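Written out below as structure tokens is the structure these notes cover.
The values are calculated or read from the model by the stated rules, or taken from the named source; none is laboratory data. Everything quoted here is computed from the prediction, not taken from an experiment. Cβ: placed from backbone, ideal geometry, glycine included. Neighbour counts: every protein chain shown. Side chains are part of the model used for accessible areas, which takes the heavy atoms of the whole protein and leaves out ligands, DNA and RNA. Shrake-Rupley method; radii C 1.70, N 1.55, O 1.52, S 1.80 Å.
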Amino acid sequence: MTVTTSDIEKAAEVLRAGGLVALPTETVYGLGANAEDPAAVARIFQVKGRPPSHPLIVHIGDAKQLDDWVEEVPTTARLLAEHFWPGPLTLVLRRGRRVPLEATGGLQTVAMRVPDHPVAHALLSAFGGGVTAPSANRFGSVSPTTADHVRAELGDAVEFVLDGGACTVGVESTIVDATGEIPSILRPGGVTREDLEAVLGYSIAVSSASRVRVPGQHPSHYAPRARVVLVEPEKVVIEAEQAQELGHQVGVLLPTSIAGAAVKAHAVVAVPPSVAAYAHGLFGILREFDQRGCDLIVASLPMEEGLGLAIANRLRRAAGPRPS
Ligand code: TXA
Ligand code: MG
């Protein structure tokens, strides 16, 4: 798990040569390429199996570099960057000329983020430029939160995997539309709505999962192989046992309110006791159900406040209709 200076140098060299590097961030692992190299960016889409209309996030090492990448930084965006960078916040701003359209799926806006992870920071400093990095998983599946998840899912398709240990936050960054003076949340994530509102001094909108703002978004995303069914906490046991009796291999994500309840199912995992631990463990738990051979996961939604908003968003999308 120790990343050496020579690993960082090698990884930066891979990026300069147009290759792909998997890198740890505080949220999830990213699949990185030189943002200014359209051929390298194209390989990201190819390796992920992601539609090219689906825009990427450009990662930079320092908030001071923001003006090099975007056309205009509204006062509100500047304020949010000052407060939350480095950290799990992504700001959507007007695209600067340096950003190729391949990275933005043809949009005139670009998503920017300064990650808060020593390995990501070291790589971005050594490389010097911007790194486009979507989560390092196949399109539609669960984001990786360890280097092993990345290797299991992408294997040889990536030239270099930097192993920085398990990601601390565990869910992706919060994406904020900051093109205007009044921002809105496009995807809830590691920075909570409450944190943003405390800095802004007013409440902000969260666009609903059904409102498709970005081309190429599927309702089902962050999805394990097993089908996910969401029910009220008090219905989890009965729902799971009925499905198990019908012949399913059921995985149960047991809500805290019924912790310790006996369930006849294939695999039972208790929801971690704090919301931060839940976010940290969520994607690993979904992967574990797949590994243990579950074909159905029964879960319920947490309170949609704080990090619970991002967890509920990921669970809803995991339970959404699958593309046929
Ligand atoms: O935490 C994260 O954000 C991780 C780590 C690796 O940084 N990255 C990540 O990337 O989650 P990805 O590609 O899996 O999700 C980024 C999302 C896209 O699905 C898209 O919806 C949104 O960011 N996005 C990117 N550019 C955008 C734009 N110009 N306008 C609106 N949404 C955009
Ligand atoms: Mg992703």
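Points to keep in mind about this one:
- Virtual spin-label span in nm between Leu101 and Thr5, 7 Å along Cα→Cβ: 4.3
- C-alpha long axis of helix 5-16 to longest principal axis of the chain, angle in °: 80
- The chain - mean residue ellipticity at 222 nm from DSSP helices (-39,500 (n - 2.57) per run, n ≥ 4, rounded to 500): -9000 deg cm²/dmol
- Within the shell of other residues whose beta carbon sits under 13 angstrom from the beta carbon of Asn34, the net charge comes to -2, with Lys and Arg scored +1 and Asp and Glu -1.
- The relative contact order of the chain comes to 20 percent, based on Cα pairs under 8 Å that sit 6 or more residues apart.
- Relative to the longest principal axis of the Cα atoms of the chain, the long axis of helix 75-84 makes an angle of roughly 60 degrees.
- Rounded to the nearest 20 debye, the dipole magnitude of the chain is 800 debye, with +1 charges on Lys and Arg beta carbons, -1 on Asp and Glu beta carbons, and the Cα centre as origin.
- Ratio of the Cα radius of gyration of the chain to 2.2 N^0.38 Å, where N counts its residues: 0.99
- The alpha-carbon atoms of segment 1-110 define a convex hull whose volume equals 112 cubic angstrom per residue.
- Binned Cα-Cα distance frequencies in segment 227-318 - 5 Å width, integer %: 3, 15, 28, 27, 19, 7, 2, 0
- Excluding same-chain neighbours fewer than eight residues apart, no lysines are reachable from Lys48 by a Cα-Cα span under 21 Å.
- Stretched out straight at 0.36 nm per residue, the stretch from Ala63 to Ser207 would grow longer than its current Cα-Cα span by 49.3 nm.
- Taking 0.36 nm per residue of separation and subtracting the Cα-Cα distance, full extension of the segment from Ala39 to Arg16 would add 7.1 nm.
- Of all lysines in the structure, those lying under 22 Å Cα to Cα from Lys235, and not within fewer than 8 positions of it along the same chain, are Lys264.
- Taking Cβ atoms as reference points and 15 Å as the exclusive limit, the residues near Gly165 contribute a net charge of -4, counting Lys and Arg as +1 and Asp and Glu as -1.
- Solvent exposure of the chain, expressed per residue, is 42 Å² of accessible area, with all protein chains present and a 1.4 angstrom probe.
- Among beta bridges that DSSP assigns inside the chain, antiparallel share in %, nearest 5: 40
- Cα-based Rg and Dmax for segment 77-164, where Dmax is the largest Cα-Cα distance (Å): 14.5, 41
- Gain in span if fully extended, Ile258 to Gln291, counting 0.36 nm per residue against the direct Cα distance: 9.4 nm
- Around Glu239: net Lys/Arg minus Asp/Glu count, Cβ-Cβ under 15 Å: -2
- Percentage, to the nearest whole number, of Cα pairs in segment 128-261 over 26 Å apart: 46
- Cβ crowding within 10 Å averaged over residues, with 272-280, 256-264 ranked highest first: 272-280, 256-264
- For the chain, the fraction of 1.4 Å probe accessible surface lying on carbon and sulfur atoms is 53 percent.
- In the chain, the longest principal axis of the Cα atoms and the axis of helix 118-127 are about 30 degrees apart.
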